[in-house]
Amino acid sequence: MTKKVLITGGDGYGRTIVGAAEKVLRSVAPDLELIHGKMGAEAYEVTGYALPPATMDLISECDAMLAGPIDMKGVPERDPIASIQKQMGLYLQYREFFPLCDYLGKGSVDIVALSPTPESTMVVHETESIDGISSEMYTDSDRLRDMLAETLKICELKSGRRIRTVGDGILFRNREKVVDEVLGQFFADSEFRVDRTTTAEMLFTMIQHGSDPSILLCDIPSANCIHGLAAGIVGGSGLMPCAYLGKDMGLYCTAPIYHTESVGRELNPTSAILSAAAMLLMFGMVEEYTQIQSAVCEMYKSGRTTPDVGGHLGADKFAQGINEIIHMNMHS
């Protein structure tokens, strides 16, 4: 069955970098049905909504969404990404980190970091007593089961990886027993071994020794630490893939760029292209996913990159180079 993907360019430079990712998608996966919608500040100026109802209607019809960065400064509305997470039940954040080339970064990690999204997995339980009302935040058990099932799917797609749960006793708030039960249910009869580690231990390992190919199942605080450190190790923020996954739909977007990042990173389409590749992986198109990743790395190794990492190419020429490498490798 043909997969249908909604593409939103977002604001400003977003259309340029998502356009580069679309160019790669059309070359590598020509059978995808790609449609377009609006989201962000520019959508708000035109329609009065940062997430227009027409865009939500399109999202509900699609198997995935590829979204460009948005700028919500001065827009009196909720972040559209958070709204989509909530409305579409996107309970799992997916971040991947791996070396692009030898000259970029400070070490070597090769990890997929998975964590719950608070918008879709956390619920608040209120208790009334003589002292007033107290509240506790819980991880929804059904969402947790769905999330761990999705984790097993990712493990199977990226075979040969070690699985580690990373947290400090609150892996999924107030649901440790459920986590143990579901981990046993999904992984006991599989080929995968699950190890436990603390946040401090995992960060130490990444800095001191790097990381063998691993899938990390993290709580939210641990995930934030790992994302920042891993981005620094592989060469900076805004380069790696990012996604929010649910049972029937995924939102793929560019990774956040930290304020200390080099000038021009916002014009680098690498994250958008690798996020598009991750989308193909989740569609079961493992070969196409691998082709894109390998071609991106080859572009970096040869120095054919954007100015923020020492090259001179624009986003479109970078995408063109990736397509040429893939085509050449397919016919060699």
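The values are calculated or read from the model by the stated rules, or taken from the named source; none is laboratory data. This structure is a prediction, so every number in the text was calculated from the model and none was measured. Note that we place each Cβ from the backbone using ideal geometry, even for glycine, and neighbour counts take in every protein chain shown.
Structure notes:
Yes/no matrix, rows are residues, columns are (1) more than 21 Å from the chain's Cα centre (by Cα); (2) at positive phi; (3) aliphatic (A, V, I, L, M):
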| site | (1), (2), (3) |
| --- | --- |
| Lys247 | no, no, no |
| Tyr258 | no, no, no |
| Val263 | yes, no, yes |
| Ala277 | no, no, yes |
| Ile292 | no, no, yes |
| Glu298 | yes, no, no |
| Gly311 | yes, no, no |
| Asn329 | yes, no, no |
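- The set of residues in region 114-145 that are outside any strand (DSSP E or B), closer than 19 Å to Ala82 by Cα and modelled with pLDDT of 65 or more comprises Thr117, Pro118, Glu119, Asp140, Arg143, Leu144.
- When Met56, Met65 are checked against the criterion of being out of contact with any Asp or Glu (no Cβ under 6 Å at 6 or more places or on another chain) and closer than 27 Å to Arg265 by Cβ, a single residue qualifies: Met65.
- Residue in region 17-36 that is at pLDDT below 95 and either among the hydroxyl-bearing types (Ser, Thr, Tyr) or in contact with a helix residue (DSSP H, G or I) (Cβ under 6 Å, 6 or more places away or on another chain) (or both) present: no
- Here Leu58 does not fit the description of being surrounded by fewer than 21 Cβ atoms within 10 Å (Cβ to Cβ), out of contact with any Gly (no Cβ under 9 Å at 6 or more places or on another chain), of a type outside the set (S, T, N, Q) and touching a residue at least 12 places away in the same chain (Cβ under 8 Å).
- Helices (runs of 4 or more DSSP H) wholly inside region 1-113 that include at least 3 residues being more than 19 Å from the chain's Cα centre (by Cα): 14-28, 41-47, 53-61
- Hey, Pro30 surrounded by fewer than 23 Cβ atoms within 10 Å (Cβ to Cβ) and in contact with a Lys or Arg (Cβ under 8 Å, 6 or more places away or on another chain) or not: no
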